[in-house]
Amino acid sequence: MKKQSTTIISFILLIIIAIFAVANTASVEVNLLFAKFRSPLILLILICFLIGALIIYLFSLSSHLKQDKELKNLRETKADPKRLAKLERQNKELLKENEALKAENDRLKKAAIKQEGAPVDSSKGE
């Protein structure tokens, strides 16, 4: 939809510029530093319009190229579903191992405290 509205607006602006150019058909003198010449105003308006359009196109082209490069990089770094599933399984295994080590650590702490003869304080925990 955005592309359609942009196209419609572009055509409307083009028609307005064409009407403006046709309404200004007088011949004018153009002074370009060292050169002077006479040219129809319609021709100057259209040349200036085309130069402006070329500048806008070049700016949008550089932006478009940056977006294409970023999209290509994103597609290359897209996660492989098989690799992602493998990493998730490894994560679950490591979480289970972590819980087992925490339980073993708590058991060893309690055993060390019992050997010293001190009462067990279950409120201390790391």
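The values are calculated or read from the model by the stated rules, or taken from the named source; none is laboratory data. Quantities reported herein were computed from a predicted structural model and do not represent experimental measurements. In this analysis, Cβ positions are derived from the backbone assuming ideal geometry, glycine residues included, and neighbour counts consider all displayed protein chains.
Among the residues that make up segment 63-76, is at least one of them surrounded by 10 or more Cβ atoms within 10 Å (Cβ to Cβ), modelled with pLDDT of 85 or more and touching a strand residue (DSSP E or B) at 6+ places or on another chain (Cβ under 9 Å)?
Scanning segment 63-76, I find no residue that is surrounded by 10 or more Cβ atoms within 10 Å (Cβ to Cβ), modelled with pLDDT of 85 or more and touching a strand residue (DSSP E or B) at 6+ places or on another chain (Cβ under 9 Å), so the answer is no.
Yes or no, residue by residue, for (1) loosely packed, with under 10 Cβ neighbours inside 10 Å; (2) modelled with pLDDT of 90 or more:
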{"position": "F20", "(1), (2)": "no, no"}
{"position": "A23", "(1), (2)": "no, no"}
{"position": "E29", "(1), (2)": "yes, yes"}
{"position": "L43", "(1), (2)": "no, no"}
{"position": "K78", "(1), (2)": "yes, no"}
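If a residue has to be within 16 Å of L13 (Cβ to Cβ) and free of Cβ contacts under 8 Å to residues at least 24 places away in the same chain to count, how many in segment 45-62 make the cut?
Residues meeting the conditions: 10.
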